[in-house]
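To start, the structure itself, in structure tokens.
The values are calculated or read from the model by the stated rules, or taken from the named source; none is laboratory data. Bear in mind that the values here come from a model prediction, so they are computed numbers and not experimental data. Methodologically, a virtual Cβ is constructed for each residue, glycine included, from the backbone with ideal geometry; neighbour enumeration extends over all protein chains shown.
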């Protein structure tokens, strides 16, 4: 439901003049891939469900014709996305070759076999495969230290594509991370790095979409925190946080788009309260909510 509502919001945000006829189809392909990812129970179907929205996003990121920034963003996302897909496949190959099966329950069986088991006498293959898969999924979430692509791609892509990239695909990846569970302390490290990098990296930003990119990195730290703890209540809290993050991100990008979509610099938003008081109040409330100021919805997600 969250994926469908988020995709519908992106379709409503998309201006018909900039995306051409292919944009709605590609957005729906991203939604379909994310829905398949939530319901997938086999590693091969997981990989195909991850690649369907990724390939669609490659096109959406680079579709702004005549823009060098869009072409650069598309190329960076393509190269790093292919690297992450290769790592994911390599990790799946190690774990599936170890168990002789491709279903996620088989992989879970191996993960809980322990070091020096009959299936993995050396105790090396299982953690390496799990680390490769987790690293690739953290890349898709743009969580630190796999966040390098996010600010450049967010800044170069069209605003509607940036909003899609920041919300819908992350919900499906979140579901897979919950399925495989925390791997050693990797998610704890990613949680701490994401919170620190997201907060500090945003301080010297001058462009609004790069600021929102670092904001998303910090938010993914909070989401990963609940997955790392691994209890039912913590995963439930992470899901609630993810839902509210999608709502806040859609609001923020919709407001940026409503202001013309041409204002890239933060300083260009100065004096907005005198020109557009309603939009200014809404933007202020959205940013205060993203910051977690009570009694707004962003505070309750963190609480």
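Computed quantities for the displayed model
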quantity	calculated
Out of 254, 190, sole residue that is touching a helix residue (DSSP H, G or I) at 6+ places or on another chain (Cβ under 9 Å), part of a helix (DSSP H, G or I), more than 17 Å from residue 284 (Cα to Cα) and at pLDDT 90 or above	190
Test for residue 222: is it crowded, with 24+ Cβ neighbours inside 10 Å and touching a residue at least 60 places away in the same chain (Cβ under 8 Å)	no
Residues that are more than 27 Å from the chain's Cα centre (by Cα) and either surrounded by 13 or more Cβ atoms within 10 Å (Cβ to Cβ) or modelled with pLDDT of 65 or more (or both), drawn from the stretch 120-137	120, 124, 125
Filter result for residue 213 (out of contact with any strand residue (DSSP E or B) (no Cβ under 7 Å at 6 or more places or on another chain), in a helix (DSSP H, G or I) and closer than 30 Å to residue 42 by Cα)	no
Exclusive hit being at pLDDT below 90 and either within 15 Å of the chain's Cα centre (by Cα) or buried (at least 18 other Cβ atoms within 10 Å of the Cβ) (or both), set 270, 238, 301	301
Test: residue in the stretch 144-151 that is part of a helix (DSSP H, G or I), at pLDDT below 80, within 24 Å of residue 220 (Cα to Cα) and out of contact with any strand residue (DSSP E or B) (no Cβ under 9 Å at 6 or more places or on another chain)	no
Flag for residue 209 being out of contact with any helix residue (DSSP H, G or I) (no Cβ under 6 Å at 6 or more places or on another chain), crowded, with 21+ Cβ neighbours inside 10 Å and touching a residue at least 24 places away in the same chain (Cβ under 8 Å)	no
Number of the exception - residue 174 against (1) touching a residue at least 60 places away in the same chain (Cβ under 8 Å); (2) under 19 Å from residue 72 (Cβ atoms); (3) in a helix (DSSP H, G or I)	(2)
Filter result (closer than 18 Å to residue 49 by Cα and over 9 Å from the mean Cα position of the chain (by Cα)) within the stretch 138-171	164
Cβ-Cβ under 6 Å pairs, at least 6 apart or on other chains, the stretch 227-241 side at negative phi and free of Cβ contacts under 8 Å to residues at least 40 places away in the same chain, far side in a helix (DSSP H, G or I) and crowded, with 17+ Cβ neighbours inside 10 Å	234/226; 237/226
Pick from the stretch 269-303, criterion touching a helix residue (DSSP H, G or I) at 6+ places or on another chain (Cβ under 7 Å) and free of Cβ contacts under 8 Å to residues at least 24 places away in the same chain, ranking: nearest to residue 253 (Cα to Cα)	280
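This table checks each residue for (1) buried (at least 18 other Cβ atoms within 10 Å of the Cβ); (2) at pLDDT below 85; (3) farther than 21 Å from residue 132 by Cβ; (4) under 20 Å from the mean Cα position of the chain (by Cα).
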site: 34; (1), (2), (3), (4): yes, no, yes, yes
site: 48; (1), (2), (3), (4): no, no, no, yes
site: 57; (1), (2), (3), (4): yes, no, yes, yes
site: 65; (1), (2), (3), (4): no, yes, yes, no
site: 90; (1), (2), (3), (4): no, no, no, no
site: 105; (1), (2), (3), (4): no, yes, no, no
